[in-house]
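The values are calculated or read from the model by the stated rules, or taken from the named source; none is laboratory data. Remember, it's a predicted structure, so these values are computed and weren't measured experimentally. All Cβ positions, glycine included, derive from the backbone under ideal geometry; neighbour counts span all protein chains shown.
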Amino acid sequence: MKITSIEAKTMLSHTKRPGPFFGQKYNMNLYRGCMHRCAYCDSRSECYQIEDFDGEVLVKANAIELLRKELAGKRVKGVIGFGSMNDPFMPIEAKLNLAGRALAVIAEFGFPVHIITKSDLVLKDLETIKRIARVYATISFTVTTADDDLASKVEPLAPRPSARFAAMRALADNGIQTGVTMMPILPFIEDNETNIEAIVARAAASGASYILPSMGMSLRDRQRAYYYAELDRHFPGLRERYERTYGERYHCDVPRAKALYAHFEALCESYGVAAQLPLYRPQAAKQLSFLT
Ligand code: SF4
């Protein structure tokens, strides 16, 4: 895969109000493109204007310097989220340590953080994450199947779910809040009770405190074309079923979404895992910092 350095103009985008789902006020991307090549990845969509999403990773070479400058000028502390458009802990991170250096700057400025990843490489930054967690840190591992073999088809170059669960265990054992973004659940592939229960059970056994579900996926333009080609390769005949069921639709809920959500919620209750993310509370963080 080609790696290219670019100069970014800004690092942090922000919203007026933190989102209800992840509680993020700021969003950050250190890279453009991703090495994990998940069959369903929405970041391939044309609207994001990443020409060669699977063939080239653009590295924001001035990310750390920019981040430091931008955080120094922020008056409102709010959760910085990263990992929504690419995986900040993809293999190149082992060499560049861009996410690691960004986390060190975030720790220095005392901002809370939410990371989404599929990689156990996040453990290299455990000590920095522990410092950030005095304010608030939560690490969400995306898991769409607990089955390593199935994951090798739908998320071919990402660390296997077993490695993600092991990383979750290590974080939880170190007092870091961690959980699962169980999204997307792929129609006709992952939308069954056995898969949902396996994820909830493994997450609970690995110290997850929350699981955020989405029973379905999005499909549009380039993303759809790539996904359908992967279906043809690994699941012959399934593309036609998608075409019959969803046509040109963007939101593609699994056919039994309602029943699966109900099943998921019952499982969460019996395994003692929350079905929402415990969000950052500025006041609580302030009190906590007095005590530590
Ligand atoms: S890890 Fe995330 S960003 Fe990377 S290819 Fe997979 S879904 Fe896309």
Qualifying position, being modelled with pLDDT of 95 or more, surrounded by fewer than 21 Cβ atoms within 10 Å (Cβ to Cβ), more than 27 Å from SER218 (Cα to Cα) and away from the ligand (no atom under 11 Å from the Cβ), among ALA163, ALA172
ALA172
First in segment 114-126 and without any contact (Cβ under 8 Å) to a residue 60 or more places away in the chain, second anywhere and among the hydroxyl-bearing types (Ser, Thr, Tyr) and in a strand (DSSP E or B), Cβ under 8 Å, 6 or more apart
ILE115/THR138; ILE115/SER140; THR117/SER140; THR117/THR142
Of (1) touching a Leu at 6+ places or on another chain (Cβ under 6 Å); (2) under 20 Å from SER84 (Cβ atoms); (3) part of a helix (DSSP H, G or I), MET168 satisfies every one except (1)
Which of (1) at positive phi; (2) free of Cβ contacts under 8 Å to residues at least 60 places away in the same chain; (3) surrounded by 14 or more Cβ atoms within 10 Å (Cβ to Cβ) does LEU71 not meet, given it meets every other one?
(1)
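Being on the phi > 0 side of the Ramachandran plot and of a type in the set (D, E, K, R) narrows it down to one of ASP253, ASP221, ASP232, so name that one. Reasoning before the result, please.
On the way: ASP253 fails: on the phi > 0 side of the Ramachandran plot; ASP232 fails: on the phi > 0 side of the Ramachandran plot.
None of the other options fit; the residue is ASP221.
Looking at GLU248, is it of a type outside the set (Gly, Ala, Ser), exposed (fewer than 13 other Cβ atoms within 10 Å of the Cβ), without any contact (Cβ under 8 Å) to a residue 12 or more places away in the chain and closer than 27 Å to GLY19 by Cβ? Lay out the reasoning, then the answer.
Working: of a type outside the set (Gly, Ala, Ser): yes; exposed (fewer than 13 other Cβ atoms within 10 Å of the Cβ): yes; without any contact (Cβ under 8 Å) to a residue 12 or more places away in the chain: yes; closer than 27 Å to GLY19 by Cβ: no.
No.
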For segment 58-100 the number of residues that are more than 16 Å from the ligand (Cβ to nearest atom) and either among the aromatic types (Phe, Trp, Tyr) or outside any helix (DSSP H, G or I) (or both) is 11
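Say whether the condition of being under 11 Å from MET85 (Cα atoms), at pLDDT 90 or above and of a type outside the set (Gly, Ala, Ser) is met by at least one residue in segment 9-17.
Let us first name the residues in segment 9-17 that are under 11 Å from MET85 (Cα atoms), namely none.
The answer is no, given that none of the residues of segment 9-17 is under 11 Å from MET85 (Cα atoms), at pLDDT 90 or above and of a type outside the set (Gly, Ala, Ser).
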Going through segment 60-89 one residue at a time, which ones are at pLDDT 95 or above and among the aromatic types (Phe, Trp, Tyr)?
PHE89
Given the criteria among the aliphatic types (A, V, I, L, M) and closer than 29 Å to ARG68 by Cα, does LEU157 qualify?
no
If you take the residues in segment 119-154 that are under 30 Å from GLU108 (Cβ atoms), within 13 Å of the ligand (Cβ to nearest atom) and hydrophobic (A, V, I, L, M, F, W, C), which one is nearest to the chain's Cα centre (by Cα)?
PHE141
Extreme residue, nearest to ARG222 (Cα to Cα), among residues of segment 239-292 that are at pLDDT below 95, in a helix (DSSP H, G or I) and not hydrophobic (A, V, I, L, M, F, W, C):
PRO282
With criteria (1) within 15 Å of the ligand (Cβ to nearest atom); (2) closer than 22 Å to LEU212 by Cα; (3) not hydroxyl-bearing (Ser, Thr, Tyr), ARG44 comes up short on (2)
